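Visitor: Dropping the structure in here first, questions after.
The values are calculated or read from the model by the stated rules, or taken from the named source; none is laboratory data. Small disclaimer: the values here were computed from a predicted structure and weren't measured. Cβ atoms come from the backbone with ideal geometry, glycine included; neighbour counts cover every protein chain shown. The accessibility values were calculated without ligands, DNA or RNA, using every heavy atom of the protein model including side chains. Shrake-Rupley method; radii C 1.70, N 1.55, O 1.52, S 1.80 Å.
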Amino acid sequence: MARRERERSLPPTTGRAARTRVDQPMVPRRSPLPEYDPEAFGRLSERIARFLGTGRFIVWMTFTIVVWVIWNIVAPADLRFDEYPFIFLTLALSLQASYAAPLILLAQNRQDDRDRVNLEQDRKRSERSMADTEYLTREIAALRMGMGEVATRDWIRSELQDLLKELEQRGALEPPPDGER
C-alpha cells in the first residue's frame, strides 16, 4: 500500500508531463484577451444608450453634421478634409451607428433582466397579499358566524322593550309618559 502511494507521488518515468491531480484546482491560464468587469461595462453602455436617446444628442449630432458639411463646402480647398460625396462623414456616421446599436441592445437586455426580477418580486408580493386577504376573509367570516350567537345591543334593547310592553299589559307597571321612551 505504501509502495503504491510512493509510486503515485513520483513523476512519470516516460517523457510525458506530470499528470495533474483531479482533487487539486487547476491553475488558471492567463488569457490573451483583456479582462473587464461586465457590470461596469453594462453600466457604461446604459449611460451611452440613455444619452443616445436624448434630444441633446440629436441636437449635437445635427450641429456637428451641419458644421462638417458647411466647412467642406465653404472652406478654402486646401482646408477641406472631406469633399462633396462626404465619404469620411458617411464612414464616421456608420462607425457611430455600428457601436451604438450593440450598446443599445446591451442596455435593453439589462433592462429586461431588471424588469424580469421586478416582475417576479411583484408576483411574489401579489401572492402574499392574496394569501393575506384570503386569511382575513376567513377570519371575518368566522367572527360573523360567532357574532350570530352573541347578543347585540340592538337585540337586547328590543328584548327589553318587549318585556316592558308585556309588563305594562299585565298592569305591573304604569306606562311612562309619552316623551320618555
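Visitor: By its C-alpha gyration tensor, with a ≥ b ≥ c as the square roots of the eigenvalues, how is segment 10-123 shaped: rounded for a/c under 1.5, else prolate for a/b larger than b/c, else oblate?
Guide: Values: a/c = 5.56, a/b = 1.76, b/c = 3.16.
The shape class here is oblate.
Visitor: Shifting gears a bit: Kirkwood Rh over alpha-carbon pairs of segment 57-181, then Stokes-Einstein at 20 °C and 1.002 mPa s: what D in µm² s⁻¹, rounded to an integer?
Guide: On the way: Rh = 24.3 Å.
In µm²/s, the coefficient is 88.
Visitor: Another question, then. Once you have the Cα-Cα distance between Arg21 and Val69, take 0.36 nm times their residue separation minus that, and quote the gain in nm to one decimal.
Guide: Details: separation 48, 0.36 × 48 = 17.28 nm, distance 6.63 nm.
Full extension from Arg21 to Val69 adds 10.6 nm.
Visitor: So, one more: Probe 1.4 Å, all protein chains in place: accessible area of Ile58 in Å², nearest 10?
Guide: Surface accessible to solvent at Ile58 totals approximately 100 Å².
Visitor: Each label point is 7 Å from the Cα along the Cα-to-Cβ direction; what then is the distance between the points at Ser94 and Leu33, in nm?
Guide: Spacing of the two 7 Å Cα→Cβ label points: 2.7 nm.
Visitor: Apply the Kirkwood formula to segment 91-163: the hydrodynamic radius equals the inverse of the mean of 1/r over all pairs of different alpha-carbon atoms; give it in Å with one decimal.
Guide: Working: mean 1/r = 0.0547 Å⁻¹.
Evaluated over segment 91-163, this radius sits at 18.3 Å.
Visitor: Using the Karplus curve 6.51 cos²θ - 1.76 cosθ + 1.60 with θ = phi - 60°, what ³J(HN,Hα) values do you get for each residue of segment 135-145, in whole Hz, with x for Gly and Pro?
Guide: 4, 5, 4, 5, 5, 5, 4, 5, 5, 5, 5
Visitor: Now for a different question. May I ask you to list the chymotrypsin sites (Phe, Trp or Tyr not before Pro) in segment 21-123 that are in a DSSP loop and have at most 12 other Cβ atoms within 10 Å of their Cβ?
Guide: Details: sites: Tyr36, Phe41, Phe51, Phe57, Trp60, Phe63, Trp68, Trp71, Phe81, Phe86, Phe88, Tyr99; in loops: Tyr36, Phe81, Phe86.
Sites meeting the loop and neighbour criteria: Tyr36, Phe81.
Visitor: Between the DSSP loop rule and a limit of at most 15 other Cβ atoms within 10 Å, which GluC sites (Glu not before Pro) in segment 48-135 are left? List each step's numbers first, then the result.
Guide: Numbers: sites: Glu83, Glu120, Glu127, Glu134; in loops: Glu83.
Passing both the DSSP loop test and the Cβ count: Glu83.
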